[in-house]
Amino acid sequence: VPGNRPPAALDAITYLDHAATTRLRPEAVAALDRLRDSGVFGNPSGGHAVARRAKTVLEESRESIALALGCRPGEVVLTGGGTEADNLAVKGAARAARTRGLGDGVVTTAFEHKAVLASCDRLAAEGYRVTRAGVGADGVVDLDALGRALDERTVVVSVMLVNNEVGTVQPLADVAALVRERAPRAVLHTDAVQAVPWLDVASAAAPADLVAVSAHKFGGPKGVGALVVRAGTRLEPLVEGGGQEAGLRSGTSDVAGAAAMAAALEATTATRAAEVERVGGLRDRLIAGLRARIPDLFENGDPARKVASNCHVGVPGVEAEALLVALDRAGVCAAAGSSCSSGATEVSHVLMAMGLPRDDALSSVRLSLGFASVDADVTRALEVIPGAVARLRAASRATSPAASPSGAR
Ligand SMILES: Cc1ncc(COP(=O)(O)O)c(C=O)c1O
């Protein structure tokens with residue numbers, strides 16, 4: 001793929017779902033091409049020349065990933081994506097702590113990604129005490145509630161760095177200070193999957209013992225991720241076997257995946273400051289244009305605390321699902337709720353946790369930008385979305401003439 005633009009077949013598409021996934025960055029494609037062209041295919045666990053070449057690529061990739069994430073290469077555990085990294089962090093740390101008799105308390109927030117919430121549910125079924133601290137209407141964790149949930153027997157605290165739906169950045173340094181004071185035995189995990197394109201994770205996640213990232217959110221391949229496991233943090237592995245990844249993730253290593261992730265991460269880090277500026281400008285134009293054309297549109301999450309890419313808006317009286325179908329027909333791809341659910345319509349647990357009325361939650365959509373977004377995407381979105389909203393409102397007025405013109409809030 002030359003540059004960041006899509007191949008011709010996709011040119012007609014306006015892709016506003018970068019928080020769900022991104023296309024491969026050209027640098028990641030080039031890394032894969034280099035491996036193919038140089039014939040690197042070995043199993044890095046072996047001892048012969050072919051294996052050693054693969055091992056060299058794997059370890060160079062790990063070094064590059066470590067540099068970008070602000071840790072030592074030995075602290076990078078490569079995983080099969082963000083979900084696995086979250087599972088390993090939360091379950092692995094809780095089980096290791098209980099085995100050592102340290103306690104059984106697990107604390108998280110109500111609006112984590114399902115990878116963390118389902119891991120916590122599993123732990124609850126195993127007899128751990130799990131508390132989900134609430135979040136405010138601004139999309140930020142309630143630090144008082146979090147603090148109240150912590151005690152001497154808390155062994156894991158998991159608070160995401162950036163929320164995947166509303167894009168709000170969480171106060172991780174404040175969370176860490178609370179944890180160190182009230183739950184000195186606890187390991188702090190942060191799901192930084194949505195943070196990497198927009199925040200310097202090396203510093204933003206520095207207070208955490210465990211940090212999960214996923215390559216496909218920043219231009220790398222799907223099914224490749226990493227968990228930073230800081231020295232001294234104990235984990236029980238989920239996947240056992242040949243002892244790869246310091247025994248924390250057995251299985252023959254995905255050398256090509258690691259190389260492509262490293263290349264994407266390097267490119268992301270090198271261009272981040274400029275991209276935050278550029279994409280933030282696109283997002284601001286998008287939201288201002290939507291507000292001007294749809295006066296009763298509302299925004300979810302505190303705009304001052306969001307990453308540059310996120311535009312999460314609701315239109316009273318318009319069902320998100322119907323709007324997304326209309327947008328898709330017009331070649332505009334967006335999302336509602338979390339991208340990782342099975343496709344069934346369910347109200348967003350994130351918006352419900354933030355206290356949104358159910359109708360507002362069901363009227364909300366996420367338009368997320370990324371490195372491949374350009375000005376024309378915003379122009380097209382502003383051409384299509386207001387018209388689609390007007391048509392849906394007209395249709396609902398026609399079927400229920402008694403309804404108020406803008407729908408009830
Ligand atoms: C915040 C967050 N955590 C975890 C994940 C899961 O990552 P993966 O898709 O690599 O399993 C996602 C993906 O949507 C996410 O947004």
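The values are calculated or read from the model by the stated rules, or taken from the named source; none is laboratory data. Just so it is clear, the model here is predicted, and its values are computed rather than measured. Glycine also receives a Cβ, built like all others from the backbone with ideal geometry; neighbour counts cover every protein chain displayed. For accessibility, only protein heavy atoms count, side chains too; no ligands or nucleic acids. Shrake-Rupley method; radii C 1.70, N 1.55, O 1.52, S 1.80 Å.
If one computes P(r) from the Cα atoms of the range 12-154, what percent of pairs lie at distances over 20 Å? List each step's numbers first, then the result.
Working: 6724 of 10153 pairs.
Roughly 66 percent, once rounded to a whole number.
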Report summary line: Relative contact order as a percentage, the chain, C-alpha pairs under 8 Å and 6+ apart, gives 21 percent
Query raised in the report: Can you list, bin by bin at 10 Å, the percent of alpha carbon pairs in the range 152-204, starting at 0?
Result: 26, 49, 23, 2
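Out of the total accessible area of the chain (probe 1.4 Å, heavy atoms of protein only), what percent is carbon and sulfur? Walk me through the intermediate numbers first.
Values: 8980 of 16560 Å².
Here it works out to 54 percent.
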Report summary line: By the Cα gyration tensor axes a ≥ b ≥ c (a/c under 1.5 gives rounded; else a/b larger than b/c gives prolate, otherwise oblate), the shape of the range 233-334 is prolate
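Roughly how many debye, to the nearest 20, is the charge dipole of the chain about its Cα centre, given +1 on each Lys and Arg Cβ, -1 on each Asp and Glu Cβ, and no other charges?
260 debye
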**Report entry** the chain shape via C-alpha gyration tensor axes, a/c threshold 1.5
**Finding:** oblate
Query raised in the report: How many Å² of accessible area per residue for the range 104-246, probe 1.4 Å?
Result: 33 Å²
Report task. Could you quote the convex hull projected area for the range 255-299, Cα atoms only and averaged over all directions, in nm²? Result -> 4.4 nm²
Query raised in the report: Along the range 321-333, what does the Karplus equation 6.51 cos²θ - 1.76 cosθ + 1.60 (θ = phi - 60°) give for ³J(HN,Hα), rounded to whole Hz, x for Gly and Pro?
Result: 4, 5, 5, 5, 5, 4, 5, 4, 4, 8, x, 10, 9
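For the chain, what is the mean residue ellipticity at 222 nm derived from helices alone (per DSSP H run of n ≥ 4: -39500 (n - 2.57); sum divided by total residues; nearest 500 deg cm²/dmol)? Numbers along the way, then the final one.
Numbers: 12 runs with 169 residues, N = 409.
Value at 222 nm, helices only: -13500 deg cm²/dmol.
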Requested in this report: Provide the solvent-accessible area of residue 385, counting protein heavy atoms only and rolling a 1.4 Å probe, rounded to the nearest 10 Å².
Outcome: 10 Å²
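Where in the range 19-101 are there trypsin sites (Lys or Arg not before Pro) that are in a DSSP coil and have at most 12 other Cβ atoms within 10 angstrom of their Cβ? Display every interim value, and only then the final one.
Values: sites: 23, 34, 36, 52, 53, 55, 62, 91, 95, 98, 100; in loops: 23, 100.
Those that pass, being in a loop and sparsely packed, are 100.
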Query raised in the report: Looking at the chain, which longest stretch skips every one of the GluC sites (Glu not before Pro) that is in a DSSP loop with at most 14 other Cβ atoms within 10 Å, leaving the sites themselves out?
Result: 1-125
Query raised in the report: How much net charge surrounds residue 68 when only other residues with a Cβ under 14 Å from its Cβ are counted (Lys, Arg +1; Asp, Glu -1)?
Result: -1
Query raised in the report: What whole-number value in Å² describes the accessible area per residue of the range 256-379 for a 1.4 Å probe?
Result: 38 Å²
Query raised in the report: When the Karplus curve 6.51 cos²θ - 1.76 cosθ + 1.60 is applied with θ = phi - 60°, which whole-Hz ³J(HN,Hα) does each residue of the range 47-58 get, with x for Gly and Pro?
Result: x, 8, 4, 5, 5, 5, 5, 5, 4, 4, 4, 4
Query raised in the report: Taking Cα pairs under 8 Å and at least six residues apart, what relative contact order does the range 1-129 come out at, in percent?
Result: 12 percent
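At a threshold of 8 angstrom on Cα-Cα distance, excluding pairs fewer than six apart, so keeping six or more, what relative contact order does the range 224-302 reach in percent? Provide the component values of the computation, followed by the final result.
On the way: 33 pairs, mean separation 12.3, N = 79.
This gives 16 percent for the range 224-302.
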Query raised in the report: Is the range 166-286 rounded, prolate or oblate when judged by the Cα gyration tensor, a ≥ b ≥ c being the square roots of its eigenvalues, rounded requiring a/c under 1.5 and prolate requiring a/b larger than b/c?
Result: oblate
Query - Pair residue 126, residue 296: separation of 7 Å Cα→Cβ label points (nm) - result: 4.9 nm
**Report entry** For the chain: lysine pairs under 26 Å (alpha-carbon distance), excluding those fewer than 8 apart on one chain
**Finding:** 10
